[in-house]
Each structure stands twice: as structure tokens, then as C-alpha cells.
Amino acid sequence: MRAFMVAATVSVAALGIAVSAQKVTELGKGSGGSPHVRSESVVDGANVAIEYGRPLLKGRTPGKDVDPYEGKEWRTGADEQTTLITDKALKFGNVSVPAGRYGLHTMPVNGTWQLIVHKRPKGWGIPYPGKADELARIPMTMGKAPKAGENLTIAVEDSAQGGTLVIDWGTTRASAPFTVG
């Protein structure tokens, strides 16, 4: 019985660490009415945060009758544009993103998405700020969300090799792994 209690305690402690790694703070409603959040994680010593509006599907289908539209840049959220904040440089494949504050957009192309990081950290996000302000376009891996979600969810997950920026909406998951440094 004692061995079981120790194992259960260790399991609960490990679960607590995993759950507490992602901190989500409600920021209120955006000017367009959608809930806004700040999602924060620490990945290999880097403080990484995403601030974004969480639109609801309301029976719509991503890529069909609601943003993102095929071949067009999308602010990847509701109301004001989505913002990435990092206090250390991040590297997505061979693309370096220096420490700082950046706007995030995505663009679906032939069933895949590109993550677009641009230098304009504030604004409504539409119209798209333009390619002149882009820092990078990063290919994303497409998959199925572990659980269908009504609200758009953006998270930074820690991993053994760095982290992964994850976007879930409906049954769609788009992700981009990164390292710190």
C-alpha cells in the first residue's frame, strides 16, 4: 500500500508540473467581443508568451466558411492581432527570431499552414501589414487536435528538444517546433 501511495504522489506531482508549465491569463474581451488571453510558458530558460483573441467556431468550419482562407494571410485570432513575446531568441528550423515582440499571422496553402512572424507588434492585424514587415514564413505541421475545440487555442508546449507553438481550432492542429538560442 505504501508503494502505491508513493507512486500516486509522484504521478500527481509530475502531472502538476506539466499542468503548471502553461499559464493562461484572461485579459478580458477584445474590441470585437471575443475573449482574449495571454498564454505563457518557460522553454529552456526563455519566457515565451502569446497574446490573442479566441474566436468561436459557432458551427463554422476553419478553412471553409471562416478564417483562415486558402492562400490569404490571417491574423490567427480575433479582434486585435496575435502577438508573440519572447525574452530570448527562438529558432524555428533555420529561421531565427530574436528576442522581442512580434505579430503572428498564418496562411493555409494546399492543406498546410505557414506561420508568419512580422516586425509589427501591435495593430488590428487586418489588412495584412505586408511582406516588407515580415521576419519569416515558417512551415507548420498539420494534424488533428487531441480534442475538438470551439474556441481557437494557441499554446507553447515544452519538449525535450525545445518547444512547439501549437494552434488548435475545431479538429485542426497546426504546430511549429522551435529551439531556444
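The values are calculated or read from the model by the stated rules, or taken from the named source; none is laboratory data. No experiment lies behind these values; they were computed from the predicted model shown. As a convention, Cβ positions derive from the backbone with ideal geometry for all residues, glycine included, and neighbour counts pool all protein chains shown.
Within the stretch 50-60, restricting attention to residues that are surrounded by fewer than 18 Cβ atoms within 10 Å (Cβ to Cβ) and of a type outside the set (K, R), which residue is farthest from G77 (Cα to Cα)? Outline the logic, then answer.
The first filter runs over the stretch 50-60 and keeps only residues surrounded by fewer than 18 Cβ atoms within 10 Å (Cβ to Cβ), leaving 56-60.
Then keep just the ones that are of a type outside the set (K, R); that gives 56-57, 59.
Numbers: L56: 10, L57: 12, G59: 17 Å.
Of everything passing the filter in the stretch 50-60, G59 is farthest from G77 (Cα to Cα).
Inside the stretch 118-147, can you point out the residues that are within 22 Å of K23 (Cα to Cα) and either in contact with a Leu (Cβ under 9 Å, 6 or more places away or on another chain) or among the β-branched types (V, I, T) (or both)?
P121
Which numbered condition trips up E134, out of (1) over 22 Å from E26 (Cβ atoms); (2) in contact with a Pro (Cβ under 6 Å, 6 or more places away or on another chain)?
Going through (1) over 22 Å from E26 (Cβ atoms); (2) in contact with a Pro (Cβ under 6 Å, 6 or more places away or on another chain) one by one, E134 breaks only (2).
Where in the stretch 111-170 are the strands (runs of 3 or more DSSP E), entirely inside, with at least 1 residues that are modelled with pLDDT of 90 or more, hydroxyl-bearing (S, T, Y) and surrounded by fewer than 14 Cβ atoms within 10 Å (Cβ to Cβ)? Don't jump to the end; show me each part of the working.
Values: elements: 112-118, 134-139, 141-159.
Fully inside the stretch 111-170 and qualifying: 141-159.
Only one of (1) crowded, with 16+ Cβ neighbours inside 10 Å; (2) more than 17 Å from V37 (Cβ to Cβ) fails for T83. Which number is that?
(2)
Give the stretch 105-123 a look and list any residue that's more than 23 Å from S31 (Cα to Cα), polar (S, T, N, Q) and in contact with a Lys or Arg (Cβ under 9 Å, 6 or more places away or on another chain), or say none.
Passing the criteria: only Q114.
So in the stretch 18-40, with the set limited to residues that are polar (S, T, N, Q) and at pLDDT below 95, which one is nearest to L152 (Cα to Cα)?
Once the filter is applied, the top-ranked residue is S34.
Can you tell me which condition V37 does not meet? The list is (1) assigned to a loop (DSSP other than H, G, I, E, B); (2) closer than 19 Å to L104 by Cα, and all the others hold.
Checking V37 against (1) assigned to a loop (DSSP other than H, G, I, E, B); (2) closer than 19 Å to L104 by Cα, the one that fails is (1).
Looking for something within 15 Å of Q22 (Cβ to Cβ), among the hydrophobic types (A, V, I, L, M, F, W, C) and crowded, with 20+ Cβ neighbours inside 10 Å - is there at least one such residue anywhere in the stretch 172-179?
Just the residues of the stretch 172-179 that are within 15 Å of Q22 (Cβ to Cβ), to begin with: 175.
Narrowing the set further to residues that are among the hydrophobic types (A, V, I, L, M, F, W, C) leaves none.
No; the residues of the stretch 172-179 include none that is within 15 Å of Q22 (Cβ to Cβ), among the hydrophobic types (A, V, I, L, M, F, W, C) and crowded, with 20+ Cβ neighbours inside 10 Å.
Does any residue of the stretch 49-60 turn out to be part of a strand (DSSP E or B) and over 25 Å from L27 (Cα atoms)?
Just the residues of the stretch 49-60 that are part of a strand (DSSP E or B), to begin with: 49-53, 56.
Now narrow it down to the ones that are over 25 Å from L27 (Cα atoms): none.
No, because not a single residue in the stretch 49-60 is part of a strand (DSSP E or B) and over 25 Å from L27 (Cα atoms).
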